[in-house]
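Following: one structure in structure tokens, then a few remarks.
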Amino acid sequence: MKRLLVRMLTFGVFITVLIALVSCGQGPSTTATTTSKKVFVVGYSQSNNAEPYRAQLNLQLEYFMKKYPDLKLLPITDAHQDSTTQVGHVQSFIAQHVDVLIVSPNEPAPLTAPIEQACAAHIPVIILDRSVNTDCYTSFIGGDNVLAGEKAGQEALQLLPNGGNVVELQGILSDQPQIDRDKGFRAAIAANPKIKIIASREAKWLKPNATTIMQQWLSQYPKIDLVYGQNDPMALGAYLAASGVGKASRMKFIGTDGLAIPDGGIRAVQQGQLAFTNIYPTCAQQAAEYAENIVHHQSVQHRLTLGITEVTPENAPALYKQYYLGS
């Protein structure tokens with residue numbers, strides 16, 4: 001009887017140990033399966049961080065990407081307004097096989113081929129603001145640039161009811177936003193034949209370029225009544241040049257961008273430097289949302305056009321508070 005009892009106890013211990021060993025072997029594997037999570041990598045090629053609008057776009061994209069824990073935004077590349085450099089950046093993201101590629105093209109033509117390369121590699125592509133010469137992308141997100149130009153032109157009609165001389169500071173001439181803003185502005189001011197555009201030049205969206213051009217115009221033209229800068233930095237560059245020679249009070253300045261930052265367009269309207277601007281959307285929030293939808297195989301619009309908001313001295317304080325992200 002004792003021998004039988006010993007054998008039964010020994011067998012019971014053996015079974016207990018065996019169960020424990022099997023459980024230990026399965027535990028980590030089961031845990032790894034339940035906690036594993038896919039992270040999707042997003043690459044963003046920016047055309048030029050030196051433009052305040054684009055620097056703010058970068059900050060907002062980083063901010064909104066954090067709303068989606070399964071998206072990983074790689075360090076944003078800066079092409080420094082050089083299309084050849086940007087082509088290299090895009091091709092590098094393709095070589096890394098990112099899950100989503102976002103591109104703000106410096107110019108349409110040079111960036112068309114690398115966008116088509118991404119398409120051929122089956123990498124979803126989101127184009128922001130500036131177009132390319134192909135439809136082989138997942139989505140284009142941008143504001144209504146013709147409307148932005150029209151709104152600026154309508155404000156010019158109000159500011160110059162009796163007509164006047166206008167100078168226009170243009171972005172990169174091949175960029176679609178420049179083409180559309182020019183088109184909208186000229187169409188609007190055509191309502192008053194006494195408003196004349198006496199000069200227009202490419203300032204490439206940059207404040208220093210606009211300051212230099214405006215200095216030249218101030219020497220060349222004795223009477224300038226209004227400056228239309230296709231973005232706020234160019235309009236403010238012109239204001240700086242006019243202020244330097246004591247002529248800023250004799251003319252009006254109109255821009256577009258309406259950034260809610262201390263040196264942006266909304267504050268400039270509040271301070272009386274700009275008579276008017278538009279809030280042109282950075283598209284960052286929509287880009288982050290679309291990236292999340294794409295990686296989860298949810299449908300997105302092939303082309304999404306966002307609205308704009310007029311900024312006047314009356315509504316500027318409220319708009320600044322509404323759009324300011326803080327530090």
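The values are calculated or read from the model by the stated rules, or taken from the named source; none is laboratory data. This is a predicted model, so every value here is computed, not measured. No Cβ is skipped: glycine too gets one built from the backbone with ideal geometry, and neighbour counts run over all protein chains shown. For the accessible areas, the whole protein counts, side chains as well, though only heavy atoms, and no ligand, DNA or RNA atoms are used. Shrake-Rupley method; radii C 1.70, N 1.55, O 1.52, S 1.80 Å.
Key figures for this structure:
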| quantity | calculated |
| --- | --- |
| Answer residue from the stretch 108-141, given it is surrounded by 19 or more Cβ atoms within 10 Å (Cβ to Cβ) and of a type in the set (D, E, K, R) and is farthest from V39 (Cα to Cα) among those | R130 |
| Pairs with Cβ under 8 Å, 6+ apart, first in the stretch 161-176 and on the phi < 0 side of the Ramachandran plot, second modelled with pLDDT under 95 and surrounded by 23 or more Cβ atoms within 10 Å (Cβ to Cβ) | D175/R130; Q176/R130 |
| Residue list for the stretch 248-266, restricted to those being open to solvent by less than 20 Å² (accessible area, probe 1.4 Å) and more than 25 Å from N58 (Cβ to Cβ) | A248, M251, F253, I254 |
| Per-region count, the stretch 89-106, residues buried (at least 19 other Cβ atoms within 10 Å of the Cβ) and in contact with a Gly (Cβ under 8 Å, 6 or more places away or on another chain) | 5 |
| 3 or more residues at pLDDT 95 or above and of a type in the set (V, I, T): qualifying strands (runs of 3 or more DSSP E) within the stretch 108-181 | 125-128 |
| Complete set of residues in the stretch 133-179 that are in contact with a Pro (Cβ under 9 Å, 6 or more places away or on another chain), of a type outside the set (D, E, K, R) and closer than 24 Å to N209 by Cβ | G142, G143, N145, A148, G171, S174, Q176 |
| Pairs with Cβ under 6 Å, 6+ apart, first in the stretch 131-154 and within 18 Å of A235 (Cα to Cα), second aliphatic (A, V, I, L, M) and part of a helix (DSSP H, G or I) | E150/A188; G153/A188; G153/I189; Q154/A188 |
| Test for Q86: is it farther than 16 Å from V295 by Cβ and open to solvent by less than 10 Å² (accessible area, probe 1.4 Å) | yes |
| Whichever residue in the stretch 314-327 is part of a loop (DSSP other than H, G, I, E, B) and either over 22 Å from F276 (Cβ atoms) or of a type in the set (S, T, Y) (or both) and, among such residues, is most open to solvent (accessible area, probe 1.4 Å) | S327 |
| Subset tally (residues that are among the charged types (D, E, K, R) and open to solvent by 50 Å² or more (accessible area, probe 1.4 Å)) for the stretch 170-204 | 7 |
| Residue match in the stretch 66-82 (condition: in a helix (DSSP H, G or I) and in contact with a helix residue (DSSP H, G or I) (Cβ under 8 Å, 6 or more places away or on another chain)) | no |
| Qualifying helices (runs of 4 or more DSSP H) (wholly inside the stretch 198-303; at least 2 residues being free of Cβ contacts under 8 Å to residues at least 24 places away in the same chain) | 207-220 |
| Residue in the stretch 217-230 that is closer than 13 Å to M251 by Cβ, open to solvent by 80 Å² or more (accessible area, probe 1.4 Å) and charged (D, E, K, R) present | yes |
| Only one of V245, V311, V295, V269 that is at pLDDT 95 or above, under 24 Å from V166 (Cβ atoms), open to solvent by 10 Å² or more (accessible area, probe 1.4 Å) and not hydroxyl-bearing (S, T, Y) | V245 |
| Selection count, the stretch 52-75, where residues are under 15 Å from V98 (Cα atoms) and not aliphatic (A, V, I, L, M) | 3 |
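Okay, residues lined up against (1) open to solvent by less than 20 Å² (accessible area, probe 1.4 Å); (2) within 20 Å of V132 (Cα to Cα); (3) out of contact with any Cys (no Cβ under 8 Å at 6 or more places or on another chain):
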site: G43; (1), (2), (3): yes, yes, yes
site: S47; (1), (2), (3): yes, yes, yes
site: P52; (1), (2), (3): no, no, yes
site: L57; (1), (2), (3): yes, yes, no
site: F64; (1), (2), (3): no, no, yes
site: K67; (1), (2), (3): no, no, yes
site: L73; (1), (2), (3): no, no, yes
site: A79; (1), (2), (3): yes, yes, yes
